[in-house]
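For reference, the structure discussed in these notes is given below.
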């Protein structure tokens, strides 16, 4: 049993890298430490404990993680340094070797952090507490609010897919989730706090149900009945798990926004097979066409990876042509980086860095044009925008239900308010529309 008297009058600072799921989990860690009487350090205050929640989706993410750890140690030389997250799970020895790190917690341990703070004495070398992938089984509910007024609600964790390029299943374990009743309770709590928009997050949200015998469709139907929440967004869902039934439900729901985010990853069937994705381009096209026929004004964001091993010039050209043919709104382009232990390393064909950059730029140019076309298609339409609190040079931004970014003169009364607007001209510099 930990003597919690050691936590009296202590403060903690939190640093999060990576996905919105990490931000939700950092919030859960913060609440746990607050319950142990550890207050959040104020801006500019030296913290007694620093918690760094890392990402490891790419080699660049690992590099940013190391940089962040060293920066935090430099700024808080006397603090007890705890590093957790995906990078900590995958490469704990690498992190423990960084001078100044005191404790490295794996994915199974991070949301039970107070159990591992035996004391707050600085160590010569970081202590490592992790579990093997088979030991990552717990699901701890997490929800966070960002500074832009929306909340991120963790509904699922882990992944069973094991795509050849990805390490996430090794970092987060197998697919698991909370119970619908508990998640609905969290949504009701957000409504009581005044939150109006919730983004459902997870590693593979469409796979919801493994732990409880429920389904993702059951979940969104239950959440749609929570009074006080104006709208929900589904952060990302695998195309093979986005059923026509879900699309049709969103179209008639009270609160689910006409906004979809689908990982394509590659636009050629040959590369999709190398990735061991669970769909082909025909299925992906069907999903896009189903969304647009059911919800013509829906925003559709798509993830794509460029330069993976095996992506020949021919395969990239096929993929680029396929992407250009889709009625989508925006691309999120990721440059492939090697991850130790992944099956894709068995593929001999390697794409040169310069070629990766050229392919990335080509897709980003397509993305810019598709976003412009989508925004201009919305000009003159009436939408409901939720305005955010951040001020940019006398301006504020918000998003409509179909994810059109709105720019307006700053007005405090509009913060966290949903306002009916008419969409005006597209401002390419702002990547936003003015509202009338």
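Among 25, 108, which is surrounded by fewer than 21 Cβ atoms within 10 Å (Cβ to Cβ) and either closer than 25 Å to residue 169 by Cα or in contact (Cβ under 8 Å) with a residue 40 or more places away in the chain (or both)?
None of the other options fit; the residue is 108.
Need the failing condition index for residue 365 against (1) loosely packed, with under 13 Cβ neighbours inside 10 Å; (2) more than 28 Å from residue 283 (Cβ to Cβ), just the number. Among (1) loosely packed, with under 13 Cβ neighbours inside 10 Å; (2) more than 28 Å from residue 283 (Cβ to Cβ), residue 365 violates only (2).
Residue-by-condition table, conditions (1) within 28 Å of the chain's Cα centre (by Cα); (2) surrounded by fewer than 17 Cβ atoms within 10 Å (Cβ to Cβ); (3) at pLDDT below 95:
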| residue | (1), (2), (3) |
| --- | --- |
| 369 | yes, yes, no |
| 377 | yes, yes, no |
| 381 | no, yes, no |
| 401 | yes, no, no |
| 422 | no, yes, no |
| 428 | yes, yes, yes |
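A single member of 200, 262, 241, 219 is under 23 Å from residue 179 (Cβ atoms) and either touching a strand residue (DSSP E or B) at 6+ places or on another chain (Cβ under 6 Å) or modelled with pLDDT under 95 (or both), and it is 200.
Listed residues 347, 305; which is outside the structural domain of residue 202 (by TED's automatic domain parsing), within 21 Å of the chain's Cα centre (by Cα) and touching a residue at least 60 places away in the same chain (Cβ under 8 Å)? Full working, then the answer.
On the way: 347 fails: within 21 Å of the chain's Cα centre (by Cα).
None of the other options fit; the residue is 305.
With respect to (1) surrounded by fewer than 18 Cβ atoms within 10 Å (Cβ to Cβ); (2) modelled with pLDDT of 95 or more; (3) within 28 Å of residue 95 (Cβ to Cβ), the lone exception for residue 176 is condition (1). Given the criteria surrounded by fewer than 18 Cβ atoms within 10 Å (Cβ to Cβ), more than 21 Å from residue 261 (Cβ to Cβ) and in contact with a strand residue (DSSP E or B) (Cβ under 9 Å, 6 or more places away or on another chain), does residue 214 qualify? No, not satisfied.
Pairs linking a residue in the stretch 138-151 that is not assigned by TED's automatic domain parsing to the domain that holds residue 211 and in a strand (DSSP E or B) to a residue that is modelled with pLDDT of 90 or more and crowded, with 23+ Cβ neighbours inside 10 Å, with Cβ atoms under 7 Å and 6 or more positions apart or on different chains, do not occur.
The values are calculated or read from the model by the stated rules, or taken from the named source; none is laboratory data. Computed from a predicted structure; not experimentally measured. Here the Cβ is made from the backbone with ideal geometry for all residues, glycine too, and neighbour counts use every protein chain on show.
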